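Asks: There's a structure below that I have some questions on.
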Amino acid sequence: MTTRPSRPSPTELAPLLQLATNLALECGEVLRSAGRPRAIEQKSSDVDLVTELDRQVERLIVDRLRAARPYDGLLGEEGATREGTSGVRWLIDPIDGTTNFVYAYPGFAVSIAAEVNGALAVGAVHDVVLQETFAGSLGGGATLNGNPIHVGSGTELSSALVGTGFSYSAAIRGAQSEALRHVLPRVRDIRRRGAASLDLCWVACGRLDAYFERDIGGPWDIGAGSVILHEAGGLLTDAHGGPPRPPHLILASNPGLYEEFRALLVRAHAASD
Ligand code: LIP
């Protein structure tokens, strides 16, 4: 009979969390000293940007991980990929919020997560401009600059401050604006920061009451924020209440808002699709 690997303890996860946090901080320094990016290319559409710094920072993270943990697997937004044998896989978003970075518009982060035996276990998100570092590990809690954080306690959707984001595809953005038409009158207000990792961390610390988005690029966008939000008492699911499955709709909130928020999003997206 096969036995499931036991869940690692916070003590066992501490070295992974420290490595992720140190790398996010180091890359934040690189980006703050780099100035405005020069080489800017387009990926999935003419508004989906990548810079030489996205690639440089991803290479730095990969090199550091290879040196520290040569048997781990990894997956990066800008193409880094490696199968591992250790049971640990790293998810790397070197610059989450690349458009903000290109415009020098505050709201971009280095996001690094690690899965252990297939389950997200640690995450670190460093806001490059605000120099705020969110961190979390399974069972170990979530922090902002080392101080514990917890989701807000709001239960009224009509007074909820809600984050969201929009696709790089113009066609999907059309459907998203139609869904937003159904959401906006039902909540306090909407904020669109441009980095999913930060949106999740801001729900985790109560700066946002909830967040939703569809057509997110990949697991690297939400891996670290997912751990931090979970450890701060928040929920992150797909529209059916199951695990988040980018690019399908994902939603995050504190437990008090969750069911009403999910029901609103299901109606709004049914009406828009
Ligand atoms: C970004 C996401 C954000 C989304 C942006 C963009 P990227 O990721 O974090 O939530 O709204 O359109 O996809 O491309 O900057 O790594």
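The values are calculated or read from the model by the stated rules, or taken from the named source; none is laboratory data. It should be emphasised that the depicted structure is a prediction, and the values quoted were computed from it without experimental measurement. FYI the Cβ positions are ideal-geometry reconstructions off the backbone, even for glycines, and counts take in every protein chain you see. The accessibility values were calculated without ligands, DNA or RNA, using every heavy atom of the protein model including side chains. Shrake-Rupley method; radii C 1.70, N 1.55, O 1.52, S 1.80 Å.
Asks: Looking only at the range 197-210, count every residue that is closer than 16 Å to D96 by Cα and open to solvent by less than 10 Å² (accessible area, probe 1.4 Å) and tell me the total.
Replies: Here the count works out to 5.
Asks: Residues of the range 156-171 being farther than 30 Å from L49 by Cα and either open to solvent by less than 10 Å² (accessible area, probe 1.4 Å) or of a type in the set (D, E) (or both), which ones?
Replies: Correct list: E156, L157, A160.
Asks: Further question: Can you pull out the residues in the range 139-155 that are open to solvent by less than 70 Å² (accessible area, probe 1.4 Å) and either within 16 Å of the ligand (Cβ to nearest atom) or under 17 Å from A252 (Cβ atoms) (or both)?
Replies: A142, L144, I149, V151, G152, G154 - these are the residues of the range 139-155 that are open to solvent by less than 70 Å² (accessible area, probe 1.4 Å) and either within 16 Å of the ligand (Cβ to nearest atom) or under 17 Å from A252 (Cβ atoms) (or both).
Asks: Sticking with this structure for a sec: May I ask you to list pairs of residues, at least six apart or on different chains, whose Cβ atoms are under 8 Å apart, with the first in the range 185-213 being without any contact (Cβ under 8 Å) to a residue 40 or more places away in the chain and within 18 Å of P246 (Cβ to Cβ) and the second being part of a strand (DSSP E or B) and within 12 Å of the ligand (Cβ to nearest atom)?
Replies: R192/G163; R192/T164
Asks: Considering G233, G242, which residue is assigned to a loop (DSSP other than H, G, I, E, B), buried (at least 16 other Cβ atoms within 10 Å of the Cβ) and either assigned by TED's automatic domain parsing to the domain that holds G118 or more than 16 Å from the ligand (Cβ to nearest atom) (or both)?
Replies: G233
Asks: Shifting gears a bit: Give the range 177-195 a look and list any residue that's open to solvent by 10 Å² or more (accessible area, probe 1.4 Å) and near the ligand (Cβ under 10 Å from one of its atoms), or say none.
Replies: R192, R193, G194
Asks: Take the conditions outside any helix (DSSP H, G or I) and either surrounded by fewer than 24 Cβ atoms within 10 Å (Cβ to Cβ) or within 13 Å of the ligand (Cβ to nearest atom) (or both) and apply them to G217. Does it pass?
Replies: yes
Asks: Hey, could you check the range 1-21 for residues that are polar (S, T, N, Q) and open to solvent by less than 80 Å² (accessible area, probe 1.4 Å) and say which is modelled with the highest pLDDT?
Replies: For the range 1-21, the residue satisfying everything is T21.
Asks: Mind checking which residues of the range 132-146 are part of a strand (DSSP E or B) and over 16 Å from L25 (Cα atoms)?
Replies: Result: S137, G141, A142.
Asks: Any idea which of (1) touching a Pro at 6+ places or on another chain (Cβ under 9 Å); (2) over 22 Å from A196 (Cβ atoms); (3) hydrophobic (A, V, I, L, M, F, W, C) is the one V88 doesn't satisfy?
Replies: For V88, the failing item is (1).
Asks: So, G76, is that one among the small types (G, A, S), within 16 Å of the ligand (Cβ to nearest atom), at pLDDT 95 or above and closer than 20 Å to G35 by Cα or not?
Replies: no
Asks: Which of the residues spanning the range 88-129 are away from the ligand (no atom under 16 Å from the Cβ) and outside any strand (DSSP E or B)?
Replies: Selection gives N117, G118.
Asks: Just to be sure I understand, how many residues within the range 32-51 are without any contact (Cβ under 8 Å) to a residue 24 or more places away in the chain and loosely packed, with under 14 Cβ neighbours inside 10 Å?
Replies: The qualifying residues number 7.
Asks: Which numbered condition in (1) in contact with a strand residue (DSSP E or B) (Cβ under 8 Å, 6 or more places away or on another chain); (2) within 15 Å of the ligand (Cβ to nearest atom); (3) not acidic (D, E) is the only one that A170 fails?
Replies: Of the numbered conditions (1) in contact with a strand residue (DSSP E or B) (Cβ under 8 Å, 6 or more places away or on another chain); (2) within 15 Å of the ligand (Cβ to nearest atom); (3) not acidic (D, E), the odd one out for A170 is (1).
Asks: With the condition kept exactly as written, say whether any residue in the range 52-69 is within 16 Å of C27 (Cα to Cα), within 13 Å of the ligand (Cβ to nearest atom) and part of a loop (DSSP other than H, G, I, E, B).
Replies: no
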